[in-house]
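Worksheet: one structure, shown below.
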Amino acid sequence: MTITFWGITWSITYYAWMSLLALGIIGLIIYRHQHIENLIYSLVGNRATILLQHTSFTRRIIKSVLLGIGVLFLGITLWQPHWDKDIQEAEEYSRDLYIVLDISRSMLAQDVQPNRLELAKILIKKLVSKLSCQRVGLIVFSGSAFVQCPLTQDHGAFNVFLDHVDVETIASGTTSLEGALNQVINTYNRMPTKKHKLVVLVTDGEDFSDNMTAMQERIAESGLTICAIGIGTPEGAPVPLYDEYGNHIGHLKDTHDNVVISCHNAALLQDLVCKTGGQYCGALHDQSGIDTMVNYIMHIEKELLESNKTWIELKAQYPYFVMVSFICFLIEWLL
């Protein structure tokens with residue numbers, strides 16, 4: 001809590017109440033001086049002037065006043081007085097990372113537990129938690145793609161956006177890695193000074209893109225570095241279907257009424273990663289690949305953010321009060 005009067009901002013901290021002791025101490029000093037003076041006159045009466053001719057009551061008063069002022073100013077420092085504006089600027093450096101999450105219906109397959117999509121969220125949160133002070137953004141895709149969360153250092157806000165993602169967020173078409181990567185490249189193109197364009201692709205690898213060859217050429221031209229977290233097993237699992245109330249109503253079937261088995265396509269992801277010099281990890285066993293990916297990302301050079309932080313602070317002025325207090329104590333001691 002802060003208050004402002006006399007043009008000074010005062011911070012009322014937990015210890016501020018102790019400054020009130022200064023008033024009590026000053027009162028005790030005045031009482032002590034009066035008590036001693038009255039005691040002397042009660043003992044020696046009219047002879048006090050003769051017996052105490054070498055004692056200066058004026059000096060005692062001055063010493064008491066100086067001691068009181070010193071204690072008062074020392075107590076004022078606990079209120080942390082501030083005035084005079086001070087403009088602060090700081091250059092910020094960060095690594096920017098877009099996480100691209102597959103939310104197609106195949107991500108509901110339960111060849112991993114609890115299912116591919118939920119495991120993907122767990123791994124993304126683990127990855128982000130280890131990337132302290134890095135800007136992360138979230139792009140989700142199936143048949144189309146869009147930015148769910150822009151680049152931010154607020155990882156708590158990022159997790160809120162992530163928690164609200166489900167397969168109903170995008171319900172159009174089949175899985176298109178081409179569309180997802182186009183969205184990433186277009187997003188990074190709006191940051192022309194960016195040297196490192198890093199993306200972590202989290203998907204089971206199923207892809208029905210129309211022209212992935214042309215997409216790979218565009219990736220090479222853009223300088224995009226792709227890392228990938230593969231979700232699912234090579235054996236795969238059926239894709240469950242749910243009604244609008246979340247009740248299981250069967251499995252996805254093809255045109256011949258056969259149950260569709262969705263398998264993890266690690267080869268496609270590893271090919272993308274290899275061509276861009278990124279890092280791949282699967283999610284089948286101990287998930288230690290996340291730590292390897294974190295180490296890879298942390299070795300990428302940080303870049304200066306385009307918008308530096310500028311803020312205004314009030315200068316702390318308590319040293320002046322401490323100095324006055326010290327001078328008063330010093331003069332009182334010399335007297």
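The values are calculated or read from the model by the stated rules, or taken from the named source; none is laboratory data. What you see is a predicted model; the values in this text were computed from it and never measured. Cβ placement follows ideal geometry from the backbone for every residue including glycine, while neighbour counts extend to all protein chains displayed. Calculation scope for accessible area: heavy atoms of the full protein, side chains included, ligands and nucleic acids excluded. Shrake-Rupley method; radii C 1.70, N 1.55, O 1.52, S 1.80 Å.
Quick look at the values:
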{"item": "Amide hydrogen neighbours beyond the local backbone of H251, cut-off 5 Å, H modeled", "result": "L241"}
{"item": "Tail weight of P(r) past 19 Å, computed on alpha-carbon pairs of region 112-248, percent", "result": "55"}
{"item": "Charge sum, other residues only, whose C-beta stays under 11 Å from G236's C-beta, Lys/Arg counted +1 and Asp/Glu -1", "result": "-3"}
{"item": "³J(HN,Hα), Karplus 6.51/-1.76/1.60, whole Hz, each residue of region 108-121, x for Gly, Pro", "result": "8, 4, 10, 6, 10, 9, x, 7, 4, 5, 5, 5, 4, 4"}
{"item": "Whole-Hz ³J(HN,Hα) from phi, Karplus 6.51 cos²θ - 1.76 cosθ + 1.60, for region 149-161, glycine and proline x", "result": "9, x, 4, 8, 8, 7, 5, x, 5, 4, 5, 5, 4"}
{"item": "For D254, net neighbour charge (Lys/Arg +1, Asp/Glu -1) across residues whose Cβ lies under 15 Å away", "result": "0"}
{"item": "³J(HN,Hα), Karplus 6.51/-1.76/1.60, whole Hz, each residue of region 231-242, x for Gly, Pro", "result": "10, x, 10, x, 6, x, 6, x, 9, x, 10, 10"}
{"item": "Solvent-accessible area per residue for region 162-245 (1.4 angstrom probe, square angstrom)", "result": "46"}
{"item": "Entries of K130/K195; K253/K275; K130/K302 with Cα pairs more than 25 Å apart", "result": "K253/K275"}
{"item": "Pairwise label distance in nanometres, N189 with D271, each label 7 Å out on the Cα-Cβ vector", "result": "2.4"}
{"item": "Environment charge at S104 (Cβ cut-off 13 Å; Lys +1, Arg +1, Asp -1, Glu -1)", "result": "-4"}
{"item": "Region 204-280, accessible surface, carbon-and-sulfur percent (1.4 angstrom probe)", "result": "50"}
{"item": "In region 204-248, the chymotrypsin sites (Phe, Trp or Tyr not before Pro) that fall in loop regions by DSSP, at most 15 other Cβ within 10 Å", "result": "F208, Y245"}
{"item": "Residues whose placed amide H lies under 5 Å from that of S262, excluding near-sequence neighbours", "result": "A237, V239"}
{"item": "Protection proxy ranking, peptides 108-114, 224-230, average beta carbon neighbours within 10 Å, highest first", "result": "224-230, 108-114"}
{"item": "Under-5 Å amide H pairs with I99, H placed in peptide plane, nonlocal only", "result": "G137, L138, I139, V200"}
